[in-house]
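Values in this text are rule-based calculations from the coordinates and carry no lab data. Predicted, not measured: the structure shown is a model, and the values here were computed from it. All Cβ positions, glycine included, derive from the backbone under ideal geometry; neighbour counts span all protein chains shown.
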Amino acid sequence: MAALAVSISERSVVLGEHVIPGRWLRDHGDDIDSRNPDSKQRLTDTFGIDPQIAPAAVHIDGAWLSVDWSDGVRTGHDLDRLLAVASSRRSLWPRAGAGFTLPAGVDLWDSPAEATWFDFGVLDDDAAWTEALDHLRRFGWAAFDGAELGEEPTVRLAERIGYPRASIFGTVWNMNSGSFEHQDSAYESFALDVHTDGTYSHDGPGTIVFAQQLKTGEGGDSVLVDGFAAARDFQAQNPEAADLLTRYAVTAHYVEPGVHLVAERPPLRVDEHGTLVQVSFNNYDRSPVLPDEGLVDDVIDAYNGFRAVFNDVSRALVHPWQPGRVLVFDNWRCFHGRTGFSGERQFKGCYTNHEDLEGAYRVAGLI
């Protein structure tokens, strides 16, 4: 790499002709403390970064930029990658209208009561299944008790909706704590922030099915949040920021040996009628994309602001687990996460497509 001038200007780092805002750069380190070197998932506490963060010192060593920050942290950055991002800043998507409306026929929840459990036997009774399916349609999730262990109940539930969707994880996958089958945070034991799956897929999974197989130790409860209710409240609090999140596409990635997936869409995706159809947010898998000059603070504030709304613990519906319990939820509507845990935690899981979920509603006469 030819010699590249680097300097500090106010709260930014200047690389040649590119001015990189420090607030953005602090969140996009390539060092091992900022980003998992294998999965490329983010390790930085995005939401704890001081908006007034400033670089204190910068240094280039070959193709590596080191930055010392005013909070005492040092980050490292791959210069080729950073310059490529800086050369392709992201503009807002055009839209005919502003803001969004919410889908008809859904029951929004933001202070949930204890979960309602259906007996897994409802799958064998069309009328009872329709009642459970209507619960899924209205609230975005349905929980079942009394399933047998093994793969078959997961497949049966998926086939009541459509069919199990094949992905890089397989068709029906094992999610076992401590497994190194995939380089993903889902296989760890620490708490996971609520998020949506498949932000790196052009067509994100429509539903997710989890079936508990084994549980020892403490913790490991699943957490659900109504993303549509959070979007409604965020729009009421800050309509300009909410509208921005319908126009700014966030890029995400999934990386492991032999796999490198990339896709993008706005965190709040609306259809041609201005109706909110999908929430999409996974900070672990978010890729580095630099907004146009003048948009950086607005985009970061909107992104962080929406997260502050849906990450409020008072919104969390907690699903305690034991073997034989199954949970299905709409991945286009519900954020999901988990509490940290000890011991072993094993699941069977699968995805289905959203068009099949919508089709199941139509066949049952629910929409």
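See the values below:
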read-out	value
C-alpha center-to-center spacing [region 1-65, region 215-268] in angstrom	24 Å
Cα→Cβ-extended label distance, 7 Å offset, between Ala128 and Val313, nm	3.7 nm
Longest site-free stretch - the chain; sites: GluC sites (Glu not before Pro), DSSP loop, at most 15 other Cβ within 10 Å	18-113
Karplus-derived 3J(HN,Hα), 6.51/-1.76/1.60, for each residue of region 334-343, Hz, glycine and proline x	9, 7, 9, x, 7, 7, x, 8, 10, x
Relative exposure of Trp141, Trp93, Trp117, Trp173, judged by other C-beta atoms within 10 Å (fewest first)	Trp93, Trp117, Trp173, Trp141
Relative exposure of Ile161, Ile367, Ile53, Ile168, judged by other C-beta atoms within 10 Å (fewest first)	Ile367, Ile168, Ile53, Ile161
Segment Ser111-Gln237, length gained on full extension (0.36 nm per residue, minus Cα span)	43.6 nm
Gaussian network model of the chain, springs between alpha carbon atoms under 10 Å - residue of Tyr248, Tyr163, Tyr351 with greatest fluctuation	Tyr163
Relative contact order computed over the chain (Cα-Cα under 8 Å; 6+ residues apart), in percent	25 percent
Structure-derived Rg and Dmax of the Cα atoms in Å - corresponding label in (i) 23.9, 82; (ii) 23.1, 71; (iii) 21.6, 71	(iii)
Theoretical gain in end-to-end length, Ala98 to Ala191 [0.36 nm per residue, Cα-Cα removed]	29.9 nm
For the chain, calculated [θ]222 nm from helices alone, where every DSSP H run of n ≥ 4 adds -39500 (n - 2.57)	-6000 deg cm²/dmol
Cβ charges +1 (Lys, Arg) and -1 (Asp, Glu), total dipole of region 68-146, debye	940 debye
Order of Lys215, Lys348, Lys40 under a 10 Å beta carbon neighbour criterion, fewest first	Lys40, Lys215, Lys348
GNM flexibility winner over the chain from His319, His135, His18 (Cα, springs under 10 Å)	His18
Separation of the Glu159 and His202 label points, Cα + 7 Å toward Cβ, nm	3.0 nm
Check: the chain dipole with +1 on Lys, Arg Cβ and -1 on Asp, Glu Cβ, in debye	380 debye
